[in-house]
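Structure first, commentary second.
The values are calculated or read from the model by the stated rules, or taken from the named source; none is laboratory data. Computed from a predicted structure; not experimentally measured. Backbone-built Cβ (ideal geometry, glycine too); neighbour counts: all protein chains shown.
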Amino acid sequence: MQLGLVGLGKMGANMRTRIQEAGHQVVGYDPRPEVSDVATLSDMVAGLDAPRAIWVMVPSGEPTRTTIAQLAELLEPGDVVVDGGNSKYTDDHPNSELLGGNGVGYVDCGVSGGVWGLRNGYGLMVGGSDEDVTRLMPIFDALRPPGERANGFVHAGPVGAGHYAKMVHNGVEYGLMHAYGEGYELLSAEPLITDVEGTLRAWTTGTVVRSWLLELLVRALDEDPGLAEISDYTTDSGEGRWTVEEAIRHSVPANVISAALFARFASRQDQGSPALKAVSALRNQFGGHSVKDTSGRSFGETGTPTT
Ligand SMILES: O=C(CO)[C@H](O)[C@H](O)COP(=O)(O)O
């Protein structure tokens, strides 16, 4: 199948490779000519046979809304657009209506897996009509991990459901990372524990708290013993806030997720928390998100896997 892919950043570029490796043809567009397959968005559209499928993988908010508005001008009835970024789910209906006015379908897809998704596959949470989702299944199958479709892929509901599921996923991510961070801090504070990293490494196998995030924490400690180089200053890109807003709307007592979000805010006021160093190191490990070193300089991409 052919796919137009808008946005060839650290997620989009890896997704292009994975989709191509599954035998599909990708025409990628990015404003940076050195990574783009075509010069303009309209060249990308012109390079695809109708009916077209276009995947948008650009930062959420204005960049995604603008891209979708531009596509609405360029596409034809029967085409379909996927927003694979971390958009707020409330953006999905306006985007869907804008495109639908011209007979263009719309699917929202939460994508999890960070910079490791190229080799491990991406977890996908999809919202849209059965017809649009079925049509895009070859692309979803190329991106998701191998094996059972239900492990790593869900058609969670109508338009908006994919981004809602991804928002909650990211809220859970905040809570998990913070719990590991607190555990790391407590182990580090206790003189009885003479091998903190070894204890965390032991937890990665057999225990009830084993997980990929825990493996990444051990990896971060291997690369930076004692997390000496990293500041606890931890940013956020919105999903945690939206999860807490939704918890309030539904009167769900989201104690853990809101505490983890507020701890990130505190990290920007009062630096020096080992738990937040761990959270910051984990964001860098799984997503290649930029972090600060102890002198306040931003750096990133150290989590990019070499395999
Ligand atoms: O979607 C992701 C992982 O699943 C991103 O890496 C995540 O959005 C990072 O979020 P934040 O910047 O708020 O920590």
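Observations on the model:
- Counting only residues that are in a loop (DSSP other than H, G, I, E, B), in contact with a strand residue (DSSP E or B) (Cβ under 9 Å, 6 or more places away or on another chain) and not small (G, A, S), segment 32-60 holds 10 of them.
- Any hit, segment 187-210, residues being surrounded by fewer than 22 Cβ atoms within 10 Å (Cβ to Cβ) and at positive phi: yes
- Leading residue by the ranking (farthest from the chain's Cα centre (by Cα)) among those in segment 255-275 that are over 16 Å from G238 (Cα atoms) and modelled with pLDDT of 95 or more: N255
- Per-region count, segment 145-196, residues of a type in the set (A, V, I, L, M) and out of contact with any strand residue (DSSP E or B) (no Cβ under 8 Å at 6 or more places or on another chain): 12
- Any hit, segment 281-304, residues being touching a Ser or Thr at 6+ places or on another chain (Cβ under 7 Å), without any contact (Cβ under 8 Å) to a residue 60 or more places away in the chain and part of a helix (DSSP H, G or I): no
- Residue list for segment 253-280, filter: outside any helix (DSSP H, G or I) and in contact with a helix residue (DSSP H, G or I) (Cβ under 8 Å, 6 or more places away or on another chain): P253, A254, S273
- Of all residues making up segment 95-119, the number that are away from the ligand (no atom under 13 Å from the Cβ) and without any contact (Cβ under 8 Å) to a residue 60 or more places away in the chain: 13
- Output for segment 89-109, where each listed residue is part of a loop (DSSP other than H, G, I, E, B) and either under 26 Å from R18 (Cβ atoms) or in contact with a Cys (Cβ under 9 Å, 6 or more places away or on another chain) (or both): V104
- Pairs with Cβ under 8 Å, 6+ apart, first in segment 63-86 and in contact (Cβ under 8 Å) with a residue 24 or more places away in the chain and under 17 Å from K166 (Cβ atoms), second within 16 Å of the ligand (Cβ to nearest atom) and of a type in the set (S, T, Y): T64/S87; D83/T64; G85/S60; G85/T64; N86/S60; N86/S237
- Screening L276 on (1) assigned by the TED database to the domain that holds L214; (2) under 22 Å from F299 (Cβ atoms) shows it passes everything except condition (1).
- When residues of segment 68-93 are limited to those that are aliphatic (A, V, I, L, M) and surrounded by fewer than 21 Cβ atoms within 10 Å (Cβ to Cβ), the one farthest from M125 (Cα to Cα): L74
- Meets criteria (of a type outside the set (D, E, K, R), crowded, with 22+ Cβ neighbours inside 10 Å and away from the ligand (no atom under 14 Å from the Cβ)) for I257: no
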